[in-house]
1. Top mean-square fluctuation among 54, 122, 102, Gaussian network model of the chain, C-alpha springs under 10 Å?
2. Relative to the present Cα-Cα distance, how much length would full extension add between residue 159 and residue 107 at 0.36 nm per residue of separation?
3. Picking from 153, 94, 113, which is most flexible by a Gaussian network model of the chain using Cα springs under 10 Å?
4. Compute the acute angle (0 to 90°) between the alpha-carbon long axis of helix 62-78 and the principal axis of greatest extent of the alpha-carbon atoms of the chain; round to the nearest 10°.
5. Could you compute the net charge surrounding residue 85? Neighbours are other residues with a C-beta less than 13 Å from the C-beta of residue 85; K and R count +1, D and E count -1.
6. Please label the shape of region 57-112 as rounded, prolate or oblate, based on the square roots a ≥ b ≥ c of the eigenvalues of the alpha-carbon gyration tensor (a/c under 1.5 means rounded; beyond that, a/b larger than b/c means prolate, else oblate).
7. Can you divide the C-alpha Rg of the chain by 2.2 N^0.38 Å and report the result to two decimal places?
8. Hey, what did the chain get for relative contact order, percent, Cα under 8 Å, at least 6 apart?
Amino acid sequence: MKLSDYAKKAGVSYQTAWRWWQKGHLTGYQLPSGTIIITEEGEKKTDKIACIYARVSNAENKDNLERQAERLKDYAIARGYQIYKVVKEIGSGLNDNRPKLAKVLTDSHYNILVVEHKDRLARFGTNYIELLLKEMGKTVEIVNHSEDKQNELMEDLIAIITSFCSRLYGLRRSKRKIEKIIAELRERS
């Protein structure tokens, strides 16, 4: 099939498919006219069906949500996964009532859940989500693991403080309080 047809089938832009061709990620050949033909070997069906979940905390980061979803689609396609669905959600990772995530977790049409960072799935309890999905025959694939454990611990502490400040002081005042607490924590470390 032509490269343009492959790009449509894979759900990516022609430019992305062209980059993959140039890097050698696709199997095929180029005609003397310049047309690129992707062979059947590169098209074979996979049993790895991925659902992509992208999340940002607020609507101000909507551009980041789109970029996050594109990065995850590129990752899944490069790994040879068939993409079942791309779910984009705006909501706090501390909120345990996210309707789109609930639908993703109960959906039976995929076997790999792809997320960019552990905290994009949930701020707390991701290990429980992973265990439950494993019991359902699914895996969670976290694309970007943080290697700096101290940074991860600091982020968890900030998330807890954010949650408590939001409840204690209200949304407007919490932002100022959080900024003060973060500044103090950074000065001390």
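1. 102
2. 15.9 nm
3. Its mean-square fluctuation being the largest, the pick is 153.
4. Here the helix axis deviates by roughly 40 degrees.
5. Local charge sum for residue 85: +2.
6. The shape class here is oblate.
7. Cα-based Rg divided by the globular estimate yields 1.27.
8. 16 percent
The values are calculated or read from the model by the stated rules, or taken from the named source; none is laboratory data. As the structure is a prediction and not an experimental result, all values here were calculated from the model. Counting neighbours? That spans all protein chains shown, and the Cβs are built from the backbone with ideal geometry, glycine included. Remember, those area values only see protein heavy atoms, side chains included, never the ligands or the DNA or RNA. Shrake-Rupley method; radii C 1.70, N 1.55, O 1.52, S 1.80 Å.
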